[in-house]
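The values are calculated or read from the model by the stated rules, or taken from the named source; none is laboratory data. All figures in this text were calculated on a predicted structure; none of them were measured in a lab. Cβ atoms come from the backbone with ideal geometry, glycine included; neighbour counts cover every protein chain shown. Side chains included, ligands, DNA and RNA excluded: accessible areas come from the protein's heavy atoms. Shrake-Rupley method; radii C 1.70, N 1.55, O 1.52, S 1.80 Å.
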Amino acid sequence: MHTPHTRTLALASPEQTCAAAQTLAPFLVAGDVVLLTGDIGAGKTHFARCMIQSLLAIPEDVPSPTFTLVQTYPGREAEIWHADLYRLTDTNEVFELGLIDAFESAICLIEWPDRLGDLAPQSALHITLSPAVEPDARMMTLEWQNPVWTRRIAAALER
Ligand SMILES: Nc1ncnc2c1ncn2[C@@H]1O[C@H](COP(=O)(O)OP(=O)(O)OP(=O)(O)O)[C@@H](O)[C@H]1O
Ligand SMILES: [Mg+2]
């Protein structure tokens, strides 16, 4: 078991949340899983949209996967999976959706990852968006155990 690591960022606007997503995006490779936690309207889809759009070979819209549960995109380096598991009722659906395989082979961005229960990969990067005092501000906490994230997050955020 690795020691948990954590970093917290203050994001003053949706643009700053987008910039944080774009800064982390180039470090993602196939097999990476980013778990996005936060209440309804926290900015999970906003963050994921910015991250995905900066990884796409050909620009396209990134709708919220609220109803489809999963949307996939051809990224430059790997396939991208964007999931919103809010409506998931049974952990068996995680297998049926193909998420377990995607965790290994794709770049996965997962909203409402609490629905995964024990199926959440140990190596994932956990990102939590929380409200701040100003309505357009958020706190973003990054947490990880896999040391691979330590170097990437340092490189992304401490330039
Ligand atoms: N600093 C901020 N970062 C992210 N989003 C922000 C920020 N300030 C305001 N917003 C707004 O908050 C809303 C976030 O909506 P979004 O769909 O991303 O939430 P969500 O966390 O995905 O919710 P859901 O659980 O319903 O999927 C957007 O309208 C966005 O413009
Ligand atoms: Mg969402």
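Residues whose amide H lies under 5 Å from that of GLY75, counting only those 5 or more places away or on a different chain, are ILE80; hydrogens are built 1.01 Å from N in the peptide plane.
Once you charge only the Cβ atoms, +1 for Lys and Arg and -1 for Asp and Glu, what is the size of the charge dipole of the chain about its Cα centre, to the nearest 20 debye?
So the dipole magnitude of the chain works out to roughly 520 debye.
No disulfide-compatible partner, judged by a Cβ distance under 4.7 Å, exists for the following cysteines of the chain: CYS108. Ligands, DNA and RNA left out, the accessible area of the chain computed with a 1.4 Å probe is 54% carbon and sulfur. In this structure, ILE100 and SER64 have a Cβ-Cβ separation that, at R0 = 22 Å, corresponds to a calculated FRET efficiency of about 0.45. Using a probe of 1.4 angstrom and keeping all protein chains present, the accessible surface of the stretch 93-159 works out to 51 square angstrom per residue.
The heavy atoms of CYS108 present about 0 square angstrom of accessible area, all protein chains included, probe 1.4 Å. With a Förster radius of 22 Å applied to the beta-carbon distance between GLU134 and GLU15, the computed FRET efficiency rounds to 0.95. Taking GluC sites (Glu not before Pro) in DSSP loop states with no more than 15 other Cβ atoms inside 10 Å as exposed sites, the chain has its longest site-free stretch at 78-157.
Put LEU55, LEU157 in order of accessible area, highest first, and with a 1.4 Å probe you get LEU157, LEU55.
Other residues whose C-beta falls under 13 angstrom from the C-beta of LEU97 contribute a net charge of -3, scoring Lys and Arg +1 and Asp and Glu -1.
Just want to confirm a number: the relative contact order over the chain, from Cα pairs under 8 angstrom separated by 6+ residues, in percent.
Details: 293 pairs, mean separation 56.3, N = 159.
About 35 percent, as a whole number.
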